[in-house]
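Structure first, then comments.
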Amino acid sequence: MEKIIVKLQQRSYPVIISEKLFDDDSYFWPLSVGDKVVFITNDRVAPIYLNILSNILDNLGMITDQLILPDGEKNKSLITLNTIFNKLLQQNYDRSTVLIALGGGVIGDITGFAAAIYKRGIRFIQIPTTLLAQVDASIGGKTGINHILGKNMIGAFHQPIAVMINLDVLHTLTMKEFSSGLAEIIKYAVSLDSDFFSWLEFHLDDLLNLNSSSLTYCIRRCCELKASVVSIDEYDQKGIRSSLNLGHTYGHAIESYLGYTRWSHGEAVAAGIMLAATTALRLNQFSHNDVKRIKLLLMRANLPIRGPKEMTPGSYLDYMIRDKKTILGQINLVLPVAIGHVKTFFNVNHELIFSSIEDTNN
Ligand code: NAD
Ligand code: GLY
């Protein structure tokens with residue numbers, strides 16, 4: 001078992017990484033006998049993992065309940081959020097209730113947001129079941145929902161009390177969802193850690209083959225990187241946490257344009273990383289060779305290296321202008337300047353963004 005602490009004074013919490021986490025009740029659970037716990041999950045994850053977990057917590061003396069939501073990014077919405085509140089209010093759950101997000105990033109983000117605002121804030125635990133949620137979404141307390149006009153536009157910072165990562169759940173993911181997680185992993189390496197990028201170049205096939213020691217190392221490294229960034233810049237105000245946003249301004253535009261269907265978040269981020277690298281190249285801030293290394297790694301991970309064919313540069317701009325980093329209409333982009341280093345470029349010229357999108361599409 002590996003344990004990383006996200007250090008945030010009185011809101012610090014552990015990230016536990018282990019195999020066999022759902023096999024018995026001997027693992028650490030940050031709960032007490034008699035605690036009321038509501039699992040929030042979806043109709044894809046529930047049939048595989050919900051009973052196993054609720055039995056464990058029942059045996060430990062907690063009082064468990066569950067809410068099974070419809071699967072899919074398009075359900076990370078106000079309507080689904082209200083379904084959670086209906087359940088909690090109809091059954092009169094009080095402020096001592098603990099929500100457990102059992103699922104990928106969609107379930108984690110919406111459950112965290114419900115916990116952030118239900119009766120002005122209750123506790124929640126993340127049990128991430130996708131690679132993407134294990135390495136990124138479950139840690140750091142960014143919670144929220146999408147709006148038709150933009151991704152993650154409504155939300156709050158609310159930290160979980162623990163993140164419990166079970167490596168075994170990765171075996172039931174589709175290849176598409178596994179690759180989606182690799183996009184965020186590659187993002188960490190390009191943004192923050194050139195040695196980790198080289199490690200990925202060497203070990204990508206091991207990860208694709210679900211080699212247990214490579215997965216453990218990789219997930220642990222990402223969790224360490226995320227924990228250290230979040231500890232320094234929890235509220236994304238110091239220009240440090242924004243390094244985790246590489247590829248996301250372009251990527252979110254793709255997801256919003258597609259109405260949160262067809263492309264997974266990770267696929268959009270992968271294309272976004274290539275678009276960011278191409279933009280940095282156009283600004284003479286990044287080398288051809290590094291663009292090539294990123295492209296090759298994304299391709300080996302079965303990820304897209306350009307956006308959807310039908311998406312014009314203008315349609316990217318429509319969404320990028322509403323990005324959370326855009327201030328007074330000026331588009332600010334996190335771009336790589338070397339493998340392992342990113343910088344925020346302020347007020348990036350729209351024509352240059354257009355040309356970069358065209359370069360990537362060709
Ligand atoms: P997801 O939650 O939609 O999960 C992908 C698919 O895998 C879904 O169909 C899901 O039901 C299924 N699934 C989950 N676990 C499974 C398992 N073990 N076996 C089989 N199927 C399983 O998508 P995601 O990629 O996990 O997360 C993407 C979301 O995370 C986006 O909404 C993104 O904005 C958000 N995100 C948030 C943060 C953050 O810091 N809060 C960071 C990165 C991404
Ligand atoms: N995934 C970006 C962040 O947590 O800041």
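Every residue, every condition in (1) of a type outside the set (A, V, I, L, M, F, W, C); (2) in contact with a helix residue (DSSP H, G or I) (Cβ under 7 Å, 6 or more places away or on another chain); (3) within 12 Å of ligand 2 (Cβ to nearest atom); (4) modelled with pLDDT of 95 or more, yes or no:
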position	(1), (2), (3), (4)
Ala101	no, yes, no, yes
Val106	no, yes, no, yes
Ile110	no, yes, no, yes
Val135	no, yes, yes, yes
Gly150	yes, yes, no, no
His158	yes, yes, no, yes
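Looking across region 308-362, the residues that are in a strand (DSSP E or B), surrounded by 15 or more Cβ atoms within 10 Å (Cβ to Cβ) and of a type in the set (A, V, I, L, M) come down to Leu333, Val334, Leu335, Val337, Val342.
Total residues in region 65-82 satisfying the condition of being closer than 14 Å to Phe39 by Cβ, crowded, with 19+ Cβ neighbours inside 10 Å and without any contact (Cβ under 8 Å) to a residue 40 or more places away in the chain: the figure is 1.
Being away from ligand 2 (no atom under 16 Å from the Cβ) and either surrounded by fewer than 16 Cβ atoms within 10 Å (Cβ to Cβ) or closer than 16 Å to Thr129 by Cβ (or both) is a property that does not hold for Leu200. Among the residues of region 19-38, those identified as exposed (fewer than 12 other Cβ atoms within 10 Å of the Cβ) and at pLDDT below 90 are Asp24, Ser26.
Of the residues contained in region 120-127, none is found to be within 16 Å of ligand 2 (Cβ to nearest atom), β-branched (Val, Ile, Thr) and out of contact with any Pro (no Cβ under 6 Å at 6 or more places or on another chain).
Close Cβ contacts (under 6 Å, 6 or more residues apart or on different chains) running from residues in region 16-42 that are closer than 25 Å to Leu67 by Cβ to residues that are of a type in the set (Ser, Thr, Tyr) and outside any loop (DSSP other than H, G, I, E, B) comprise Val37/Thr64; Ile40/Thr111.
Any residue at all in region 124-139 that is surrounded by fewer than 23 Cβ atoms within 10 Å (Cβ to Cβ), touching a residue at least 12 places away in the same chain (Cβ under 8 Å) and not acidic (Asp, Glu)? For region 124-139, residues surrounded by fewer than 23 Cβ atoms within 10 Å (Cβ to Cβ), touching a residue at least 12 places away in the same chain (Cβ under 8 Å) and not acidic (Asp, Glu): absent.
In region 1-60, the residue that is farthest from Lys226 (Cα to Cα) out of those that are away from ligand 1 (no atom under 16 Å from the Cβ), in contact with a Ser or Thr (Cβ under 8 Å, 6 or more places away or on another chain) and part of a loop (DSSP other than H, G, I, E, B) is Asp35.
Is it the case, given these coordinates, that Gln134 is assigned to a helix (DSSP H, G or I) and closer than 13 Å to Val15 by Cα? When the stated conditions are applied, Gln134 passes them. For beta carbons closer than 9 Å, sequence separation of 6+ or different chains, a first residue in region 304-321 that is farther than 16 Å from Val348 by Cβ and a second that is assigned to a loop (DSSP other than H, G, I, E, B) and aliphatic (A, V, I, L, M), the qualifying pairs are Pro308/Leu258; Met311/Leu258.
Scan region 255-265 and give yes if some residue there is within 16 Å of ligand 2 (Cβ to nearest atom), assigned to a helix (DSSP H, G or I) and in contact with a Pro (Cβ under 8 Å, 6 or more places away or on another chain), otherwise no. So far as region 255-265 goes, no, none of its residues is within 16 Å of ligand 2 (Cβ to nearest atom), assigned to a helix (DSSP H, G or I) and in contact with a Pro (Cβ under 8 Å, 6 or more places away or on another chain). Counting only helices (runs of 4 or more DSSP H) that sit completely within region 148-248, those holding 3 or more residues that are free of Cβ contacts under 8 Å to residues at least 40 places away in the same chain and of a type outside the set (Lys, Arg) correspond to 194-208, 212-232.
Put simply, of Asn82, Asn92 the only residue that is in a loop (DSSP other than H, G, I, E, B) and either among the acidic types (Asp, Glu) or at pLDDT 95 or above (or both) is Asn92.
The values are calculated or read from the model by the stated rules, or taken from the named source; none is laboratory data. The structure presented is a predicted model; accordingly, all values stated were derived computationally and were not measured. Note that we place each Cβ from the backbone using ideal geometry, even for glycine, and neighbour counts take in every protein chain shown.
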